[in-house]
Every structure is written in C-alpha cells, then in structure tokens.
Amino acid sequence: MVSNGIILCNFGFQFQLKMNQKIYGVDHWSWSDAISLLKGETKGVLTEQSVAQIRKSAQNVQQIIDSGKTVYGINTGFGPLCDTLISKAETRKLQENLLISHSVGVGNPIPKEISKLMLITKAHALAKGYSGVTLEVVERILLMIEQDIIPVVPEQGSVGASGDLAPLAHLFLPLIGEGNVWEGDQIISAKEALQKHQLEPIMLSAKEGLGLINGTQFILSHALVGLNRFKYLLDLADLVGAMSLEAYSGVRSPFMEELHQVRPYEGTRLVAKRIRDLLEGSEIIENEDFHRVQDPYSLRCMPQVHGASRNAWLHLRDLAEIELNSVTDNPIVLDGETAISGGNFHGQPMAIVLDYGTLAAAELGNISDRRSYLLIEGKFGLPRFLTAASGLNSGFMIPQYTTAALVTENKTLCFPASADSIPTSIGQEDHVSMGSISGRKFNQVLGNVEKILAIELMLGCQGIEFRRPMKTSQRLEEVHALVRSKVRKLEDDRLIGEDIEKMIELVQSETMKKLVSF
C-alpha cells in the first residue's frame with residue numbers, strides 16, 4: 001500500500017528513497033546499478049509511480065477479459081495453440097500449467113547470483129507496467145530477493161526465443177509452491193521454504209504466467225555478470241602485460257600518445273595511456289642494455305589488441321543497458337483495449353553481441369599466452385624457462401602448456417551460438433537466438449582468461465627478479481610484492497600447480513582488484 005509517498009509493501013518492508021536506492025520500473029538502470037543491486041550495495045524499491053504502473057497494467061488485462069475480445073496470451077493458449085480460446089474459469093489453471101509445463105531445464109544449476117539477478121531484472125521489467133501482472137506478484141518477487149529465497153535454475157534448456165522460457169519457468173515455480181530454492185549452499189523444496197517464511201503459494205491471474213516466463217532475463221543476467229568480470233580482466237590484462245613488458249625489458253615507444261592520436265579508437269587510446277601510467281618511474285624501461293628497435297606483436301600491439309576487446313566491451317555494455325531497461329515479454333499490454341503480440345522476447349540483439357564479446361575476451365587470453373611464451377624463450381637477459389638452473393630444473397616450461405590448453409579451449413567456445421537456429425513449437429517459433437548458450441559460453445571463456453592472466457603474472461614477476469637491482473614502477477612493484485606475499489621466487493622445481501592456484505585466488509581478490517583498476 002502507499003502512504004505519504006512511502007511504499008508499504010504487503011510483506012512488511014517500508015521503503016523511503018535514499019541516495020543508494022534505485023526505483024523498479026521507473027529509473028533508468030546502468031549495468032553497474034544492476035551489479036550493485038545484486039551485491040546489496042544498492043536497494044531496489046517501489047514507489048507510488050511503480051505501483052500505479054503495475055496496477056494499471058493489471059487493470060488493463062482485466063478490461064480486455066471483460067470485453068470478450070480474443071487476445072493472445074490473455075484468453076488463448078500459447079505458441080502454436082494461440083488459436084485456442086480459454087474460458088474465464090480456466091484462466092487461472094492455465095497460468096499454473098504454463099509454469100509447470102515449461103519447467104524442463106536440465107544440467108547443473110546456474111550460479112545463485114545469476115538466479116538472483118534474474119529476479120532483480122525481471123522485477124524491473126514487470127514494474128514498467130506493460131506485462132499485466134498484479135502487484136502481489138511483484139511484491140512476492142521482491143520479498144524473495146530481500147529474504148534470499150533464490151530459486152534453483154538449471155543451466156540448459158533455453159533456445160533464447162520466446163525468451164528464456166525454461167529458465168524463467170524454473171525461476172518462478174516457487175511462486176506457486178513448486179520447484180526448489182537455495183538455502184545457503186544447500187537446495188531445499190520451495191514448499192519447505194514457503195513454510196519457513198510463513199508464506200502461501202500465489203494463485204496467478206490471467207496473463208501472469210506468460211508475463212513471468214517470457215523474457216530474456218537469463219541471457220541478460222549472464223551478460224551483466226560477464227560485463228562486470230570482463231571489465232576487471234581488461235584492466236588486469238593491461239597490468240599483467242605491462243609486467244611482462246618490463247620483465248622482457250621491452251620498448252616503450254609503441255605506447256606513446258602521439259601514435260594513437262592518428263588512429264584514435266577509444267579502447268586503443270585508453271590501453272596505451274594505462275600502460276604509460278603503469279610504466280611511469282620505471283628504471284627498467286629506461287635501461288639500454290637490451291636496446292632494440294621493436295618487440296614482438298604480443299607486447300608491441302597491446303593497445304590495439306586489448307583496445308579492440310575494450311571496444312567490444314563498450315558495445316556489449318550499451319546493448320545490455322538497453323535490454324536491462326526494456327520490456328521483453330509478450331504480448332505487450334498498452335491499454336485496456338490494446339495488447340500487441342510481437343517479438344520483444346527474441347534474444348538475437350543480445351546473442352550476437354555476446355558472441356562478439358566472447359571472441360573479444362578470448363583474445364585477451366590468446367595474446368597473454370604469447371607473452372608467456374616470450375618470457376620463457378631465454379632472450380634479452382632472461383634464462384630459459386625463467387630458471388637459472390635449467391636442465392636439472394624445468395622451471396616455468398610447463399605452465400605455458402596450461403595457458404596453451406586454455407587458449408585452445410576458448411577457441412572452441414568462440415563458435416557463435418547465434419549463428420545456429422533450430423525451429424521449435426512445431427514451426428511457430430521457427431527462428432531462435434540460442435542467446436542463452438552465448439551467455440554461458442561468454443562466462444566460461446572469462447573464467448579461462450582469468451587463469452591465463454594469473455599464470456602470465458606469475459611468469460612476469462619471476463622475470464622481474466632477473467632485472468634486479470633495477471626497479472619497475474611503483475604500482476608494478478606493489479603488485480610484485482603482493483604476488484611475492486603469496487608465491488615465492490622459483491629457485492628449484494617445486495609444485496608449481498599449487499602456485500598457480502594461489503595466483504588464481506590472488507587475481508580474484510579485492511586487494512588485487514584495487515591495485516589493478518585505476
């Protein structure tokens with residue numbers, strides 16, 4: 001209910017607008033807003049405007065029903081059954097049937113954080129007031145977010161049109177007391193969770209089932225989580241590349257501002273500036289002992305390669321923010337007389353850019369592996385395999401095998417899922433996006449890139465040891481010291497696999513993230 005401009009939701013929470021709050025269905029959200037809501041750093045709220053939009057949309061659906069008009073998704077069957085008229089008496093049962101029949105996902109559960117983000121992004125879309133759901137449904141979704149009643153959603157089964165049907169059906173089964181939810185790291189039945197929270201299952205009204213399961217929130221949530229991770233890995237790649245450049249006693253001129261002014265891609269210019277800043281004050285970069293005209297491309301072309309991946313990140317960000325602030329179910333209820341059956345649920349706009357983003361992320365790993373290879377070649381004052389006693393010791397020979405394997409795995413994941421389409425629903429849905437697969441592959445590649453960069457950083461720090469007593473820049477020395485606090489210099493062969501695990505944990509740490517992002 002609404003009182004004095006404050007929303008008093010049925011589940012007992014009182015919301016007042018503050019600086020760290022975002023309004024469902026009203027505010028324009030950025031990708032970082034969505035991540036902040038996911039982490040609990042920002043609170044999502046309903047206001048009088050949100051509630052008015054939701055209520056008006058539900059009233060519009062009821063008006064259409066009362067008029068006796070046949071409108072797809074309101075008083076008809078779904079998909080190829082769109083010509084089958086459903087009676088008023090059967091409408092509620094139809095909504096329940098829709099969730100149950102579409103819950104056919106398989107495979108491992110998606111990460112809990114992505115399920116939660118699906119709830120957040122769906123609530124934002126529903127609150128815009130074009131989906132015809134009731135306030136009771138939206139409030140229950142917000143309660144699930146607040147009380148950490150997060151549904152278990154299988155990772156496979158969506159073809160990305162009509163939206164993410166199977167994942168969203170699983171996501172909203174708990175509304176009707178079905179399916180499973182997370183309790184900490186354990187899985188319990190939705191019935192048990194509702195009992196613990198003293199909640200009753202909701203009886204869905206006309207249009208609500210379709211409004212809940214039509215949409216691209218599975219694709220979108222994978223994109224948003226990936227965007228956040230990709231942004232950090234882009235920053236990390238610049239820093240790790242700069243460390244390798246220093247270990248290799250490389251050339252600074254490819255990063256000069258003047259060079260990039262004559263080919264001024266935004267990503268390229270940013271990377272060049274970041275590397276210049278990372279090298280500021282270095283004694284090694286000024287050293288003339290290994291003077292040469294140019295370095296191999298994996299060092300020399302970091303602005304162009306890392307920069308192209310940054311340009312892809314910008315494109316993905318822009319499209320994800322459009323999707324985040326859109327209504328992607330079907331039909332779209334405009335007023336009490338008009339409900340348009342269209343294709344806003346189709347995942348193609350996100351599928352293509354996610355496939356592009358996957359390729360861009362994979363390239364960070366590809367070029368990183370090449371830099372790792374350079375460091376173990378034994379050139380320009382570095383010993384072979386970065387060990388002073390090679391032969392008896394293998395040194396860092398084999399970690400590059402690992403990066404090579406991860407890079408090749410990423411290449412196999414770069415096949416664009418959006419290039420494929422298999423007709424479904426006996427031909428009614430004859431072109432689908434496969435965007436859910438694009439989103440999952442994107443995050444798999446990012447996980448591999450994180451490992452590749454962790455290994456390169458380990459090698460780069462070892463290479464710096466052979467440049468002593470010269471020092472690199474202040475920031476790179478801080479990173480080097482942080483690495484050495486976890487992984488000591490390699491003198492003789494030891495279990496490097498354990499060192500790699502420590503490096504992966506380190507690049508995932510908040511301490512490293514603070515050093516990397518500037």
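What ratio of Cα Rg to 2.2 N^0.38 Å holds for the range 275-383? It would help to have the intermediate numbers written out before the result.
Numbers: Rg = 23.3 Å, N = 109, 2.2 N^0.38 = 13.1 Å.
Here the Cα radius of gyration is 1.78 times the empirical estimate.
A simple packing score, the average count of other Cβ atoms within 10 Å per residue, orders the peptides 125-131, 383-389, 292-298 as 125-131, 383-389, 292-298, with the highest score first.
Would you please report the Å³ per residue occupied by the convex hull of the alpha carbon atoms in the range 83-237? Mind dumping the intermediate values first?
Details: hull volume 20.1 nm³, N = 155.
Taking the convex hull of the Cα positions in the range 83-237, it is 130 Å³ per residue.
When only alpha carbons are used to place a centre, the range 411-480 and the range 331-354 end up 31 Å from one another. Taking other residues whose beta carbon is less than 11 angstrom from the beta carbon of Leu227, and scoring Lys, Arg as +1 and Asp, Glu as -1, yields +1.
Applying 0.36 nm per residue to the separation of Asn97 and Thr84 and subtracting their alpha-carbon distance, the gain on full extension is 3.2 nm.
So if I average 1/r over every pair of distinct C-alpha atoms in the range 181-220 and take the inverse, what Kirkwood radius in Å does that give? Intermediate results must be reported in sequence, preceding the final value.
Values: mean 1/r = 0.0801 Å⁻¹.
Computed over Cα pairs of the range 181-220, the Kirkwood hydrodynamic radius comes out at 12.5 Å.
Across the range 229-245, coupling constants 3J(HN,Hα) worked out from phi with the 6.51/-1.76/1.60 Karplus curve, θ = phi - 60°, read 6, 4, 4, 5, 5, 4, 5, 5, 4, 4, 5, 5, x, 5, 5, 5, 4 Hz, and Gly and Pro carry x.
Divide the volume of the convex hull around the Cα atoms of the range 347-399 by the residue count and you get 63 Å³ per residue.
Find the Rg to Rh ratio for the range 362-429, where Rh is the Kirkwood radius over alpha-carbon pairs and Rg uses the same atoms. Intermediate values should be presented prior to the final figure.
Details: Rg = 20.2 Å, Rh = 14.8 Å.
Here the Rg-to-Rh quotient is 1.37.
Please give the contour-minus-distance gain from Ile340 to Leu495: 0.36 nm per residue of separation, less the Cα-Cα distance, rounded to one decimal in nm. Could you put the intermediate results ahead of the total?
Working: separation 155, 0.36 × 155 = 55.80 nm, distance 6.26 nm.
Fully extending the segment from Ile340 to Leu495 adds 49.5 nm.
Note on the range 345-462: Kirkwood hydrodynamic radius from all Cα pairs is 16.1 Å, rounded to one decimal.
With one equal scatterer per alpha carbon and no solvent term, the Debye-computed log10 I(q)/I(0) for the range 403-518 at 0.14, 0.18, 0.20 1/Å reads -0.71, -0.97, -1.10.
Residues of the chain: accessible area per residue at 1.4 Å, in Å²? Could the numbers behind the result be given before it?
Values: 21610 Å² over 518 residues.
That works out to 42 Å² for each residue.
Summarising the amide proton neighbourhood of Lys22: residues at separation of 5 or more, or on other chains, whose placed amide H is nearer than 5 Å comprise Lys43, Gly44, Val45. Set the bar at 32 Å for Cα to Cα. Now go through Lys441/Lys514; Lys112/Lys489; Lys39/Lys88; Lys122/Lys441; Lys22/Lys112 and name every pair that lies beyond it. The pairs that break the limit, which is 32 Å between Cα atoms, are Lys112/Lys489; Lys39/Lys88.
How do the peptides 351-357, 60-66 rank, highest first, by the average count of neighbouring beta carbon atoms within 10 Å per residue? Intermediate results must be reported in sequence, preceding the final value.
Working: 351-357: 24.7, 60-66: 18.3.
The peptides rank, most packed first, as 351-357, 60-66.
The slack in the chain from Ile426 to Lys39, taken as 0.36 nm per residue of separation less the alpha-carbon distance, amounts to 135.2 nm. With each label modelled as a point 7 angstrom along the Cα→C-beta vector, the Phe518-Gln444 pair spans 3.7 nm. Would you mind getting me the FRET efficiency between Arg468 and Thr408? Use the beta-carbon distance for r and R0 = 60 Å, nearest 0.05. Here the calculated transfer efficiency is 0.95. In this label model, Cys301 and Leu482 are separated by 3.0 nm, measuring between points 7 Å along each Cα→Cβ vector.
Evaluate the Kirkwood expression for the hydrodynamic radius of the chain, namely the inverse of the mean inverse distance over all pairs of different C-alpha atoms, and round to one decimal in Å.
Values: mean 1/r = 0.0400 Å⁻¹.
About 25.0 Å, per the Kirkwood formula over Cα pairs.
Would you kindly calculate the translational diffusion coefficient of the range 449-508, applying Stokes-Einstein with the Kirkwood radius from alpha carbon pairs, for 20 °C and a viscosity of 1.002 mPa s, and quote it in µm² s⁻¹ without decimals?
Values: Rh = 11.8 Å.
Once the numbers are plugged in, D ends up at 181 µm²/s.
Given a Förster distance of 30 Å, report the FRET efficiency between Tyr265 and Ser326 from their Cβ-Cβ distance, rounded to the nearest 0.05. Computed FRET efficiency for Tyr265 and Ser326 comes out at 0.60.
The values are calculated or read from the model by the stated rules, or taken from the named source; none is laboratory data. Not measured: the values here are computed from a predicted model. Reconstructed Cβ throughout: ideal geometry from the backbone, glycine too, with neighbour counts over all protein chains shown. Accessible surface is based on the protein model in full, side chains and every heavy atom, while ligands, DNA and RNA are left aside. Shrake-Rupley method; radii C 1.70, N 1.55, O 1.52, S 1.80 Å.
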